[in-house]
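Data block below; observations after.
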């Protein structure tokens, strides 16, 4: 942390003595995935508070609410919380960084994004948890194939793919992942051969009917 703060331990101890109107600025880190989330709450127990960020909640719904909470600032002054929230938002670049679940800066006014145009970074973050959902649930669209327009970057081959191809062949399954299993690669090769054979057969049948 570049900016010196008051002793968090001292502030928390004082806050517990007079917990009314206390606002906590915190960082939650998912124990399984390592994803981080910067947020604020006036809950009396910020460690039990799950967080309100849209992408953070989707991520926890998928991977479980298994996280640790670090309190980084405590105050009763909303302006102080806003100032510190923006400071840490810029320090960690929480919106653009894939290491953070935040879709906007933590400015003390909640983590929602309703009514805002979504940036590509925001779309890519949300797309991670949209796999398998009906199309009309993605970004509340109906009859519009939004999923195909969302690209997700594979950190092994460093290329962008639509969600379908990403889930089948990239991420942990990417052939450039040094930890990918031989069984997975064998399965993928067999599927590719079957798909190629089916395509050839389909073209043959189409020609024979002409």
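The values are calculated or read from the model by the stated rules, or taken from the named source; none is laboratory data. In this text the structure is predicted, and so the values were computed from the model without any measurement. Glycine also receives a Cβ, built like all others from the backbone with ideal geometry; neighbour counts cover every protein chain displayed.
Here are a few things to note about the model shown:
- Residue in region 81-98 that is closer than 17 Å to residue 40 by Cβ, surrounded by fewer than 20 Cβ atoms within 10 Å (Cβ to Cβ) and modelled with pLDDT under 90 present: yes
- Of all residues in region 34-49, those being within 20 Å of residue 105 (Cβ to Cβ) and assigned to a loop (DSSP other than H, G, I, E, B) number 4.
- Cβ-Cβ contacts under 8 Å between residues 6 or more apart (or on different chains), taken from a first residue in region 188-204 that is closer than 14 Å to residue 169 by Cβ to a second residue that is exposed (fewer than 10 other Cβ atoms within 10 Å of the Cβ), are absent.
- Residue count for region 139-158, restricted to those that are closer than 15 Å to residue 98 by Cβ and at pLDDT 75 or above: 6
- In region 99-108, the residues that are surrounded by 14 or more Cβ atoms within 10 Å (Cβ to Cβ), within 10 Å of the chain's Cα centre (by Cα) and in a loop (DSSP other than H, G, I, E, B): 101, 102, 103
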